[in-house]
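Student: My structure is below; once you've seen it, I'll send some questions.
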Amino acid sequence: MKTRLLLGLLATELAVVAAAAASLADTPWFEHALVGMEVGPTGAQFGHSDTNDTRYCAKFDGREIVRRCVSARCEYVVIWARDGDFAYYDSKLLLKAPGLGTRDPLRETVEEARQHKLPVIAYCVVQQGGHYLAAHPEFEMRDPQGKRIGRFCYNTGYLDVMKQIVTEQLAYGIDGFHIDMVDQGFGPPYGCWCTNCQARFEKRFGKSMPKGVTWDEDWERMLEFRYQASDHFEKALYAHIKALNPRASVDFNYHGNPPFSWEAGQLPVRHADNADFVTGETGMWGFSALTVGLNAEFYRAATPGKPVQVAISRDARVYHNQTVRPLADLRWELLTLLAHSAFVTTVDKTAFDGGLDSVAYERVGEAHADALARRQHFGQQPVAEVGLYFSSRTRDWLGREKPAEYFQSFQGAHKALVYEHIPWGVVLDENVTLPTLKRFPIVMLPNVAILSDPEIELLRQYVSEGGNLTVTGLSGCCGRWGQVQGKSSIESLTGARLVSKLDSLDNWVRFPSSQASTLARQFAPDGRKDWPFLVKGPAMVCEATSATPIGELMRPYRTVRQQQGKEGTEWPMSAEAVVGPAILINPLGKGAVLTFAGSPDFATASEHHIVEARRLLRSAVRFLNPRPRVQITAPTTVESVVTDDPATRTLRVHFLAYNTPPQTTPLERRPYVLPALLEDAPINRVTVELGCPVKRAEAWNQFTTIKRNGQRVEATINDIHEVIVLQY
Ligand SMILES: [Zn+2]
């Protein structure tokens, strides 16, 4: 029976497979790849490594790398071709890694990959100190005093050198480039004041450069000048590669999302869109468990309609340390990114001699096989209830050299939504439009201090036509250069007048029993009245004009020593006096604006992340959108991601469990601990309730128990990842 069925299917199946293969061959690799690996050596990553140490890369073998990647089910391989010290091929321009001798790993890789029809992408660094920069001071960035600062300047002949380098690599028949480190550094000293830059700046603006970081009109020109330098460099390199081979893909590693700021020289949208697709990174080594999903959605918002690639590390701590993460830990990050519709490169940094770790390839291969089996459930369109608004202008001019304080509000809002299982997306000020806003029933402005007139008009239109806005912190209260204004620029939206900014972060909220309205009951945590609770973060004292005020914002006590400036205020002090309302609700046209005078988002990401502060955001969302399309309950250790396939009327709810075991006291900087590695597949109970009838509900894992009751589905999951598929 089975054989006959198979035979019956064979002819049509073969035709389908052949057609699919033909159409795959026509589309670029990055439009259909799900998983791949990047492989590069360890030992020259800090630059200035010994040029005679023939042990380095002695076993870095392109053929072996390809064979291992194929066995690990990779759909492409990114091979290390150039870093700050060496080329890993026969280059006429660059020093070759000493242990390679006459071998050429790039050629080995391309030849072997051809046997397997595996696309080969060359990894090529732009910005890294090492032998090349040391030999070429004429390409080096300068500080305002003219001192060399250890980075390449993009306004020098280095662009021509980079063009020659990629030309050499392209001649090998590679399928594309992953170009890393197109940054201008991630902190001081800043560049660039070289003679080239000074001349170009004067020509462009008719003025000389500011003498340093001045945060004024001159600095605004300098910021634009820096952004333009990176932008021009990327565009020129992209055009050069495409002129030589239009089929070769180009992607730049991206530094436009938090925690990166103006220092790196990138704007979130302007610099994300300079390639065929954007590539970013996640991982505990530099980010957090929560920002795995956040980064993927940020990249998507920066490059709407394009694929998104994310690189993760196979190492348990950070790249280049040869430790291997447990399978559960790898699966969690990989599947989280796939659920957010990214495709994923797992980075393997080899041993010093270039040898490969068989356990690493075994585990990555197992994670890949598992991901590929679930392939049909990835890549659908995201469903989001709340759009998180990110302002690059606020990043630059409120954040200045301490952008983390601004990021804290944005990331805290994101954290609250993830913990509360409210589907979310990202909205960016650079490319926001009315249709973008209208994708979300609610748009949240987390401490968006600087809003331009066109942005405010767009928000007004969005609300008048039925959208809902949530506003926190200093949103709308700062001028173009980040100074607090006497008047909020969004008073006509919030229906509240700005009285003053509190100079404290340890601010409090209370719902007095004298306010007996159902609204106050809805926002008071667990209905608790007369209890002040800390909502740490920036706060504005407001007075309602047309809005309805709810609850009380309270300022903290200041000890005499604090008033005298002899004691810091980092440690929160208890609530002293009421200074204004905590929440203001203003109906506007067909929608409404809900303003928090304080910052429940900042509080949620802060060290004083009490649950009650976060619940304020949940209450706001449910107040503004009482009947959402999807309502999810799950433990806070589980992230949920919702997607829709309208053509087949299929909603998918992905559940990703981050059940990290407890850690012990760290060696230094108590109490800051790194999270432990995931080892187990946990058991979690979740529910999904749709706002419409459910025709069918299915789970992917055969061991998941699932029960449907009308529009509500309950499931007990025993895995890192599950996807509940709902026909509606
Ligand atoms: Zn320069």
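Since every read-out is calculated from the coordinates, none of them should be taken as a lab result. Every value quoted in this text rests on a predicted model; they were computed, and no experiment measured them. When we count neighbours, we look across all protein chains shown, and the Cβ atoms used for this are built from the backbone with ideal geometry, even at glycine.
Student: From the phi angles alone, apply the Karplus equation (6.51, -1.76, 1.60; θ = phi - 60°) to the stretch 560-567 and give each ³J(HN,Hα) in whole Hz, x where the residue is Gly or Pro.
Tutor: Calculated HN-Hα couplings, in order: 4, 5, 5, 4, 7, x, 8, 9 Hz.
Student: Roughly how many nanometres apart are two label points built 7 Å out from the Cα toward the Cβ at LYS707 and TRP481?
Tutor: Label at LYS707, label at TRP481, 6.4 nm between them.
Student: Moving on to the next point. Highest first, please rank the peptides 422-433, 240-251 by the mean number of other Cβ atoms sitting within 10 Å of their residues. Numbers along the way, then the final one.
Tutor: Working: 422-433: 20.2, 240-251: 16.2.
Sorting 422-433, 240-251 by mean packing, highest first, produces 422-433, 240-251.
Student: PRE reach from THR633 (point 7 Å along Cα→Cβ): which of the stretch 683-711 fall under 16 Å by backbone N?
Tutor: Under cut-off, by backbone N: 684-691, 707-711.
Student: Could you check the simple spin-label distance between GLU679 and LEU244, using points 7 Å along Cα→Cβ, in nm with one decimal?
Tutor: 4.9
Student: With an 8 Å Cα cut-off and a minimum separation of 6 or more residues, compute the relative contact order for the chain in percent.
Tutor: On the way: 1574 pairs, mean separation 70.4, N = 728.
Relative contact order for the chain comes out at 10 percent.
Student: Of the beta bridges DSSP finds with both residues in the chain, what % are antiparallel, to the nearest 5? Could the numbers behind the result be given before it?
Tutor: On the way: 64 of 114 bridges.
Just about 55 percent of them are antiparallel.
Student: Oh, and also: I'm a student and want to see the number: the projected area of the Cα convex hull of the chain, averaged over all directions, in nm².
Tutor: Numbers: hull surface 140.0 nm².
Mean orientational projected area (the chain, Cα hull): 35.0 nm².
Student: Given R₀ = 30 Å, FRET efficiency for THR214-GLU405 by Cβ-Cβ distance, to 0.05?
Tutor: Efficiency, rounded to the nearest 0.05: 0.90.
Student: How big is the Rg/Rh ratio for the stretch 301-388, C-alpha atoms only, Rh by Kirkwood, two decimals? Provide the component values of the computation, followed by the final result.
Tutor: Values: Rg = 14.9 Å, Rh = 14.4 Å.
Here Rg/Rh amounts to 1.04.
Student: Let me ask another. Pulled fully out, how much extra length does the chain show between SER464 and ILE610, if you take 0.36 nm times their separation in residues and subtract their Cα-Cα distance?
Tutor: Numbers: separation 146, 0.36 × 146 = 52.56 nm, distance 3.40 nm.
Stretched out fully, the SER464 to ILE610 stretch lengthens by 49.2 nm.
Student: By average Cβ neighbour count within 10 Å, what is the ranking of 304-315, 228-239 from highest down?
Tutor: For the peptides 304-315, 228-239, the packing ranking is 304-315, 228-239.
Student: Taking the dipole about the Cα centre of the chain, with the C-beta of Lys and Arg at +1 and of Asp and Glu at -1, give me whichever of PRO246, ILE720, VAL347 is farthest to the positive side.
Tutor: Positive-most Cα among the choices belongs to ILE720.
Student: Starting from the Cα of GLU576, step 7 Å along the direction of its Cβ; do the same at TYR672; then give the gap between the two resulting points in nm.
Tutor: 3.1
Student: Let me know the volume per residue of the alpha-carbon convex hull for the stretch 655-728, in Å³. Mind dumping the intermediate values first?
Tutor: Numbers: hull volume 7.4 nm³, N = 74.
Looking at the stretch 655-728, the number lands at 100 Å³ per residue.
Student: Using only C-alpha positions, report the orientation-averaged shadow area of the convex hull of the stretch 547-657, nm², one decimal.
Tutor: On the way: hull surface 42.2 nm².
Averaged projected hull area, Cα only: 10.5 nm².
Student: May I ask you to list the trypsin sites (Lys or Arg not before Pro) in the stretch 578-626 that are in a DSSP loop and have at most 15 other Cβ atoms within 10 Å of their Cβ?
Tutor: Values: sites: LYS590, ARG614, ARG615, ARG618, ARG622; in loops: LYS590.
For trypsin sites (Lys or Arg not before Pro) across the stretch 578-626 that sit outside H, G, I, E and B with at most 15 neighbouring Cβ atoms in 10 Å, the list reads LYS590.
Student: Quick one: length gained pulling LEU93 to ARG221 fully straight, 0.36 nm per residue minus the C-alpha distance?
Tutor: Numbers: separation 128, 0.36 × 128 = 46.08 nm, distance 3.54 nm.
So the chain would gain 42.5 nm between LEU93 and ARG221.
Student: Something else about it: Any chance you could run the full-extension gain for ASP526 through LEU434? It's 0.36 nm times the residue separation minus the Cα-Cα distance, nm to one decimal. Can you show the working numbers first?
Tutor: Working: separation 92, 0.36 × 92 = 33.12 nm, distance 3.61 nm.
Extra length available between ASP526 and LEU434 comes to 29.5 nm.
Student: Here is a further query. If each DSSP helix of 4+ residues adds -39,500 (n - 2.57) and the sum is divided by the residues in the chain, what number results at 222 nm, nearest 500 deg cm²/dmol? Could the numbers behind the result be given before it?
Tutor: Values: 19 runs with 218 residues, N = 728.
Value at 222 nm, helices only, nearest 500: -9000 deg cm²/dmol.
Student: For a Förster distance of 41 Å, can you work out the FRET efficiency between the beta-carbons of THR648 and GLU111, rounded to the nearest 0.05?
Tutor: Details: r = 43 Å, r/R0 = 1.04.
Given R0 = 41 Å and the Cβ-Cβ separation, E is 0.45.
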